[in-house]
């Protein structure tokens, strides 16, 4: 990136999981997006965020979202980020006719979004997150590709974590704990994130079951560290809790930044509903 290049952005947060959106429909995007993500996400020397997200539109008029974590790595999906993406695209008129339901292309495939506008603004979005994948080859995770990882004991250094692995477009390792507030998120999270058993690294969810329809979760996100919330992680938590008989298929997930509603439908699709808020618009002009 040219060090003198100014980059317009919009900061949007969903339950405190914040991203800087770069509008590639309104203008050309910078070339070095990984480097830009590292610079802009820095909370001391940049605007600060969990990463950057680009708004793009292909020749077919299909909207496309790309996500770059704070460390510059590219992620396939972001549940909180895609709600912000839906908000900005709908409010800026990038969805022809402004229907409440429209499709977006992501690294995890084409997903369907539903916005709930009030007074011309979108504050809440429902996302069809698609179907969860439990097979190791789909996550990906080392071992027989068709084998699932349910309540499996993984040796992480000197410690053992019992993990259920699931992909919600990106890889997740869910471990159930007695007390989420005391969970070793910042010590065990980075170690499991980079464990060789997960060749593309992994997001780690520490989940406490508060009731059949209420979960408390903290998350260590690959490439970003502990964040206030993770939409795909919340979906993975509900799916893992239901699959292991700990909770119902529809539950509220209580995160550090607030609550998400998640439902694992009979058609095997997972629906996630939550808020999205524009924080401010700015221009990043590195010196």
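The numbers here are math on the coordinates, done by the rules we state, and not lab data. What you are looking at is a predicted structure, and each value in this text was computed from that prediction instead of being measured. We place every Cβ from the backbone using ideal geometry, glycine too, and count neighbours over all the protein chains shown.
A few points about this structure:
- Among the residues of the range 31-52, the one identified as in contact with a helix residue (DSSP H, G or I) (Cβ under 9 Å, 6 or more places away or on another chain), free of Cβ contacts under 8 Å to residues at least 40 places away in the same chain and crowded, with 18+ Cβ neighbours inside 10 Å is 49.
- If you go through the range 95-121 and pick out every residue that is in contact with a helix residue (DSSP H, G or I) (Cβ under 8 Å, 6 or more places away or on another chain) and not in a strand (DSSP E or B), you end up with 3.
For every residue, the table says whether it meets (1) within 25 Å of residue 218 (Cβ to Cβ); (2) touching a strand residue (DSSP E or B) at 6+ places or on another chain (Cβ under 8 Å); (3) not in a loop (DSSP other than H, G, I, E, B).
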residue: 11; (1), (2), (3): yes, yes, yes
residue: 21; (1), (2), (3): no, yes, yes
residue: 27; (1), (2), (3): no, yes, no
residue: 30; (1), (2), (3): no, yes, no
residue: 35; (1), (2), (3): no, no, yes
residue: 44; (1), (2), (3): yes, no, no
residue: 60; (1), (2), (3): no, no, no
residue: 66; (1), (2), (3): no, yes, yes
residue: 81; (1), (2), (3): yes, yes, yes
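- Only one of 67, 82, 55 that is in contact (Cβ under 8 Å) with a residue 24 or more places away in the chain, more than 26 Å from residue 193 (Cα to Cα) and buried (at least 20 other Cβ atoms within 10 Å of the Cβ): 55
- For the range 260-287, the tally of residues that are more than 14 Å from the chain's Cα centre (by Cα), over 15 Å from residue 132 (Cβ atoms) and in contact (Cβ under 8 Å) with a residue 60 or more places away in the chain stands at 11.
- For the range 145-161, taking the residues that are free of Cβ contacts under 8 Å to residues at least 24 places away in the same chain and surrounded by fewer than 14 Cβ atoms within 10 Å (Cβ to Cβ), the one that is farthest from the chain's Cα centre (by Cα) is identified as 158.
- Matching option when the condition is out of contact with any strand residue (DSSP E or B) (no Cβ under 7 Å at 6 or more places or on another chain), surrounded by fewer than 23 Cβ atoms within 10 Å (Cβ to Cβ) and free of Cβ contacts under 8 Å to residues at least 60 places away in the same chain, among 182, 191: 182
- For the range 225-246, taking the residues that are part of a loop (DSSP other than H, G, I, E, B) and crowded, with 22+ Cβ neighbours inside 10 Å, the one that is nearest to the chain's Cα centre (by Cα) is identified as 230.
- Output for the range 212-223, where each listed residue is out of contact with any helix residue (DSSP H, G or I) (no Cβ under 7 Å at 6 or more places or on another chain) and either crowded, with 23+ Cβ neighbours inside 10 Å or at positive phi (or both): 221, 223
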